[in-house]
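Since every read-out is calculated from the coordinates, none of them should be taken as a lab result. Nothing here was measured: the structure is a model prediction, and the numbers come from that model. All Cβ positions, even for glycine, are placed from backbone atoms using ideal geometry, and neighbour counts span all protein chains on display.
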Amino acid sequence: MMICPDSFVDELKDKSYKELLKERDKLIRQIRAFEKDKVPESEYSICPSPEVVYQMNLQYLGGLCNLIAEKYNKEYVWKDWNIE
């Protein structure tokens, strides 16, 4: 089951910057695998289709990159300033 991109990001908010990088790398591997080995949709009878999973992974990656930027700033740039 796929979840909306906002819910995906919400589930990761408590992870550290380094943990988020691992999630990002996992998504990128899945995206690249689809792009490399794409098989026409008519050959699949699974739901959600690989095309839908690919599109959702791209949306997840976009939201995750925004969260990574926020975490990086909080953990590395602003840590000495105590900005919340």
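Computed about its Cα centre, the charge dipole of the chain is approximately 340 debye, with only Lys, Arg, Asp and Glu carrying charge at their Cβ. Which lysines have a Cα less than 24 Å from the Cα of K18, not counting those fewer than 8 places away in the same chain? Hits, sequence-local ones excluded: K26, K71, K74, K79.
Couplings 3J(HN,Hα) of segment 48-58, computed from phi: x, 5, x, 5, 5, 4, 4, 4, 5, 4, 5 Hz, in residue order, whole Hz [Karplus 6.51 cos²θ - 1.76 cosθ + 1.60, θ = phi - 60°; x for Gly and Pro].
Each Cα pair under 8 Å and six or more residues apart adds its separation to the average, and for the chain the resulting relative contact order is 45 percent.
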